[in-house]
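Read through the structure below, which is laid out as structure tokens, and then see the notes.
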Amino acid sequence: VSGFSVANLPFGVAGGRVVTRFADRVLAVGDVVADPVFERPALNDFMAQGPDAWRDTRGALTQALAAPEKLAMTPAAEVELTRPFDVGDYVDFYSSLQHATNLGRLFRPDGEPLLPNWRRLPVGYHGRAGTIVVSGTPVVRPTGLIEVEGDVVRRPAQRLDIELEVGFVVGVGNEQGRPIAVDDVDRHVFGAVLVNDWSARDIQAFEYQPLGPFLGKSFATTISPWVVPLEALRPYLVPAVAQAPEPDDGLRARRDWALDLELEVELNGTTISRTNFRDLYWTFAQQLAHLTSNGASTRPGDLFASGTVSGPAPHQYGSLIELTWRGRDPITLADGSTRTFLEDGDTVVLRGWCGTGEDRVDFGEAAGTILPATG
Ligand code: MN
């Protein structure tokens, strides 16, 4: 079962060319469709062509792959995939009800876990596009100003964490002053990737009030190398969870925008979390509608991520701070060692897939290994 049949046909970049994957092999798209947009080291120009061109390209690839023996393909294991697109603006949301509730309890134990805005709009922050890296890129442990027993000291973060997320890539942007309607997002969104929003909880805990996450998250964000087209995900779009109170008109969708996507997190070879993306409280359609609702423009390559995906059961939590309840309940790995937060040398792999069997749509991996602090 490959997960990379013609039902998927994800897009990536290798050797300065746009590529796709079929079974365990990689194909240069430009070998099938002659267009200069496929001879570039980023998907942006192809994504900017819009949904008709995206569908035509999928059609041409599907047709060519009916006779794969006629195509010059390279084994996937021999291909080094680079960052698939130049990231424009990067926004990270906070749209899992379970995650927001858990973090509220951990960061503000004496207050209501959810702030009054949370059920009214998809809360988010602007992140750092320039430090988004492709799977396999090492992550250096950040150093920062951390509160320790009433004092503030500069030291390497000791509570280095992951966030299991799904990111959506804008292909066709909107003009400034012209918001994207919630049910029109498929004219704009090209596809999706896995996202690991690495988070230094001890840096974050001291810096985040009142303006939100900053250096605790901006040091690195890992994305998977294959952008799975929204077209391939259509069969897995399902009704969203009920929202109460009913959202504002501008956030109310008629179409189904929740995504039935299985997700898992592996730490040094041990699966530590397994969840599904479909129960996210705010859908990616509501997120994009909201982020343009003030007239903000978007461009090809803008990325917006879901926020940590945590399901209701503890083994479905998408971060270590939740899985270990801020270190109170260490997790045990297959080699018998325990973890509260990440140690130097640890490797985290995120995986995701829709469906089962031959035609399942695989997202591949978003992997990263922690290197010791340098500063
Ligand atoms: Mn996040």
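The values are calculated or read from the model by the stated rules, or taken from the named source; none is laboratory data. Just so it is clear, the model here is predicted, and its values are computed rather than measured. Neighbour counts are summed over all protein chains in view; Cβ atoms, including those assigned to glycine, are modelled from backbone coordinates with ideal geometry. We work out accessible area using only protein heavy atoms, side chains counted, and drop any ligands, DNA or RNA first. Shrake-Rupley method; radii C 1.70, N 1.55, O 1.52, S 1.80 Å.
Here are a few things to note about the model shown:
- Residues satisfying the stated conditions in the range 153-201, i.e. in a helix (DSSP H, G or I) and open to solvent by 20 Å² or more (accessible area, probe 1.4 Å): 183, 184, 186, 187
- Residues satisfying the stated conditions in the range 101-132, i.e. open to solvent by less than 30 Å² (accessible area, probe 1.4 Å) and more than 18 Å from residue 309 (Cα to Cα): 129, 132
- Residues that are of a type in the set (Gly, Ala, Ser) and in contact (Cβ under 8 Å) with a residue 12 or more places away in the chain number at least 2 in the following strands (runs of 3 or more DSSP E) confined to the range 1-64: 11-14.
- The condition of being hydroxyl-bearing (Ser, Thr, Tyr), buried (at least 17 other Cβ atoms within 10 Å of the Cβ), touching a residue at least 24 places away in the same chain (Cβ under 8 Å) and within 16 Å of the ligand (Cβ to nearest atom) holds for residue 90.
- Residue match in the range 345-355 (condition: open to solvent by less than 10 Å² (accessible area, probe 1.4 Å), in a strand (DSSP E or B) and farther than 22 Å from residue 233 by Cα): yes
- Looking across the range 327-341, the residues that are in contact with a Gly (Cβ under 9 Å, 6 or more places away or on another chain) and loosely packed, with under 13 Cβ neighbours inside 10 Å come down to 334, 335.
- Restricting attention to the range 30-46, the residues that are in contact with a strand residue (DSSP E or B) (Cβ under 8 Å, 6 or more places away or on another chain) and surrounded by fewer than 16 Cβ atoms within 10 Å (Cβ to Cβ) add up to 1.
- Any hit, the range 72-81, residues being within 16 Å of the ligand (Cβ to nearest atom) and either of a type in the set (Ser, Thr, Tyr) or more than 30 Å from residue 242 (Cα to Cα) (or both): no
- Residue list for the range 66-81, restricted to those being surrounded by fewer than 16 Cβ atoms within 10 Å (Cβ to Cβ) and not in a loop (DSSP other than H, G, I, E, B): 68, 69, 70, 74, 75, 77, 78
- Note on the range 209-260: residues that are out of contact with any helix residue (DSSP H, G or I) (no Cβ under 8 Å at 6 or more places or on another chain), within 16 Å of the ligand (Cβ to nearest atom) and open to solvent by less than 50 Å² (accessible area, probe 1.4 Å) amount to 4.
- Residues that are assigned to a loop (DSSP other than H, G, I, E, B) and either among the small types (Gly, Ala, Ser) or at pLDDT 95 or above (or both) within the range 82-111 comprise 83, 84, 85, 86, 87, 88, 89, 94, 95, 96, 111, listed in sequence order.
- Test: residue in the range 302-314 that is within 16 Å of the ligand (Cβ to nearest atom), touching a Pro at 6+ places or on another chain (Cβ under 9 Å), closer than 18 Å to residue 260 by Cα and open to solvent by less than 10 Å² (accessible area, probe 1.4 Å): yes
- Looking only at residues in the range 312-364 that are in contact with a helix residue (DSSP H, G or I) (Cβ under 6 Å, 6 or more places away or on another chain) and of a type in the set (D, E, K, R), the one that is modelled with the lowest pLDDT is 326.
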